[in-house]
Amino acid sequence: MFMPPTRLRFTASLALLVLSHAGNFAAAQDRPVVLRVSTVLDGRGKILRNTVIVVESGKIASVGGAAPQGAITYDLSTLTVLPGWIDAHVHPTWHFDATGKLAGENEPKEQTVLAGAANSWKMLTAGFTTVQSLGSPLDKDLRDAIDRLGLPGPHILTSLDPIFGRGEATGTPDELRAVVQQHAKNGADVIKIFASGSIREGGKPTLSQDQLNAICSEAKKVGLRTVVHAYGPSVRMASLAGCTEVEHGLYATDDDLRFLAEHGTYFDPQAGLVLQNYLDNKPHYLGIGNYTEAAFDLMQKVLPEFQELFRHAIRTLGLKVIFGTDAVAGAHGRNAEEFVFRVQTCGQDPMAALVSANSLAAEALGIQDRAGSIAPGLDADIIALDGDPLKDITAVRRVVFVMRGGKAFVNQPPVQNK
Ligand SMILES: [Zn+2]
């Protein structure tokens, strides 16, 4: 290891201190980790019993193999173990400011980003090891700080700023192709598109079929996925345009849902958390932007309609319904409440609900080679619940162990060093 000459003064010894800590960290990371488990939901719908998961260099080295000598061992045998969850729709920078109100655009950027860091930590400790932010340009620094600087948080995929449909004014197909290329250059992981207007006006399309075709085909060309905020007719238009994922989907007909299933379009409807969170936090939102009394009345009214749509979605044969909460201010760290709405309120099978936030979401986000399952070669993004979510879905609220990339960030059960 690099050793600085002893004559170097204060700044150098600080550097040495940092280096030696880095060395210890690397050594701890290099030591294999063994998770002793009795119940594993593998993220693909299978249950594994009484086995060991071996983690090496941040990845799952084996499941059911021999435990290596000198490993750090975590005994998770009283818990239910599963892959870290994936939330396909979050807004980490949304938060309430010091006055208790939804923070606005005029807030200093460093405050917004710090709030994003706090929300990221909340989501990680709640069991979410990957989230897709849809989106804000500020997510880029947050994503990079987590990836490069070791800021604790989930792996973030971000759309940066979305493309807002404004009819013809949004741009010609050629202009929209250029916008997509610019997003790719700016480092976006995905393109977010608003293709429908407000629910209050019936959620009419704000982008034509030609415009959607241009955006989604150009994105495919540059290797980016597309996620479309869509209501009513825009749901089918997005699928027809070959876009990857449709969000929300209110006023989609059963026929539209079948169309999505046939075209392999991922669907992410929300069963309760986002609207209930607005209603619960009404004083923090009311009076800001379009958060009027009328808007809250509307949210109250459409909540059961969203839940009915969700029931139709899970009954649609072959439709890939993934897990995304649309977590806004007040909802970060409570993302798993969406599971409770999906299972308890809308009748989804608990295993299907969990898989929708594991392998299915990973596939939708194009990260199935890295996340979403407990299998050799994948990142060691692993969580454990105190309880059995297949019997009682509220166990998703009791996340007592969170490992991301082989590093344990939350560990409430006893640790044994062997
Ligand atoms: Zn959203």
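Bear in mind that the values in this text are calculations on the coordinates, not laboratory data. Note that this is a predicted model, so its numbers are computed, not measured. Every residue, glycine as well, gets a Cβ built from its backbone with ideal geometry; the counts of neighbours run over all protein chains shown.
Pairwise alpha-carbon distances in the range 85-364 exceed 26 Å for 40% of all pairs. Spacing of the modelled spin labels on Thr99 and Ile47, each 7 Å from Cα toward Cβ, amounts to 5.3 nm.
Taking label points 7 Å from Cα along the Cα-to-Cβ direction, Lys204 and Ser77 give a separation of 6.5 nm. For the chain, adding -39500 (n - 2.57) for each run of n ≥ 4 DSSP H residues and dividing by the number of residues yields -10500 deg cm²/dmol at 222 nm.
Eigen-decomposition of the gyration tensor built on the alpha-carbon atoms of the range 80-122 gives equivalent ellipsoid semi-axes of 26, 10, 9 angstrom, largest listed first.
Taking 0.36 nm per residue of sequence separation and removing the Cα-Cα distance, the Arg31/Glu305 pair yields an extension gain of 93.5 nm.
Among complete DSSP H helices in the chain, none has alpha-carbon atoms stretching at least 27 Å along the helix's long axis together with a mean Kyte-Doolittle hydropathy reaching 1.6. For the chain, a Gaussian network of Cα nodes joined below 10 Å ranks Ile322, Ile47, Ile60 by mean-square fluctuation, and the top entry is Ile47.
Note that the range 344-360 has calculated 3J(HN,Hα) couplings of 6, 8, 9, x, 6, 4, x, 5, 5, 4, 5, 4, 5, 9, 10, 4, 5 Hz, one per residue in order, obtained from phi through the Karplus relation 6.51 cos²θ - 1.76 cosθ + 1.60 (θ = phi - 60°); glycine and proline are x.
Each peptide in 304-313, 290-299 was scored by the mean count of other Cβ atoms within 10 Å over its residues; highest first, the order is 304-313, 290-299.
Which of Lys109/Lys282; Lys192/Lys391; Lys204/Lys301 have a Cα-Cα distance over 29 Å? Over 29 Å Cα-Cα: Lys192/Lys391. Peptides 128-134, 264-270 ranked from most to least packed, by the mean per-residue count of other Cβ atoms within 10 Å: 128-134, 264-270. Cα centroids of the range 216-283 and the range 86-153: 23 Å apart.
Ordering of 165-173, 101-109 by packing is 165-173, 101-109, highest average first (other Cβ atoms within 10 Å, averaged per residue).
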